[in-house]
Amino acid sequence: MPFSRVIEVNPATNEIGWKYQDKPAWNFFSPRMGNAQRLPNGNTLVCESSYGRFFEVTQEGEIVWEYVNPFFGKPFFAGPPTTEGNLVFRALRYSAEEIARAKATTGA
């Protein structure tokens with residue numbers, strides 16, 4: 001069964017320092033795209049792109065927040081012309097301070 005996982009690699013040792021893998025493993029799978037972002041609180045924000053799913057997971061592997069993109073449309077690739085999906089390329093979380101700084105820089 002294909003599955004995805006999130007891994008954090010120690011570049012000095014090339015060893016896996018942390019990983020997230022769903023149980024059962026095939027519950028989390030995105031064959032292309034996706035990303036993960038370590039958050040200031042130590043949790044990790046994960047984007048399961050192919051299914052439009054974002055979730056936050058603790059260091060212990062507990063999902064504490066989840067959102068599924070409710071907007072479906074025709075994908076740019078794969079599948080017959082009648083196919084619709086809720087694919088999302090990437091997700092990033094910004095703090096209120098980062099948003100304020102960006103607004104001040106752009107004059108928004």
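The values are calculated or read from the model by the stated rules, or taken from the named source; none is laboratory data. Nothing here was measured: the structure is a model prediction, and the numbers come from that model. Positions of Cβ are generated from backbone atoms using ideal geometry, with glycine treated the same way; all protein chains shown enter the neighbour counts. Only protein heavy atoms, including side chains, enter the accessible area calculation; ligands, DNA and RNA are left aside. Shrake-Rupley method; radii C 1.70, N 1.55, O 1.52, S 1.80 Å.
Here are the numbers:
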{"read-out": "Estimated 222 nm signal from helices in the chain, with DSSP H stretches of n ≥ 4 weighted -39500 (n - 2.57), rounded to 500", "value": "-3000 deg cm²/dmol"}
{"read-out": "³J(HN,Hα) computed for each position of region 56-61 - Karplus, 6.51 cos²θ - 1.76 cosθ + 1.60, integer Hz, glycine/proline x", "value": "10, 10, 7, 4, 7, x"}
{"read-out": "Surface share of carbon and sulfur [accessible, 1.4 angstrom probe, percent] for the chain", "value": "57 percent"}
{"read-out": "Relative packing of 51-58, 1-8, which averages over residues the other C-beta atoms within 10 Å, highest first", "value": "51-58, 1-8"}
{"read-out": "Accessible area in square angstrom per residue, region 12-108, 1.4 angstrom probe", "value": "69 Å²"}
{"read-out": "Summed side-chain charge close to ASP22 - residues other than ASP22 whose Cβ falls under 10 Å, Lys, Arg +1, Asp, Glu -1", "value": "+1"}
{"read-out": "Alpha carbon Rg of the chain, scaled by the compact-globule rule 2.2 N^0.38 Å", "value": "1.25"}
{"read-out": "Set of aspartates and glutamates with alpha-carbon distance to LYS23 below 18 Å, sequence-local pairs under 8 removed", "value": "GLU48, GLU56, GLU60, GLU62, GLU66"}
{"read-out": "Sequence-distant residues sharing a close amide H with TRP18 (under 5 Å, placed H)", "value": "GLU8"}
{"read-out": "Kirkwood-Stokes translational diffusion coefficient of region 32-95, alpha-carbon pairs, 10 °C, 1.306 mPa s, µm²/s", "value": "125 µm²/s"}
{"read-out": "Placed amide H near SER4: partners under 5 Å, 5+ positions off or other chain", "value": "PHE28, PHE29, SER30"}
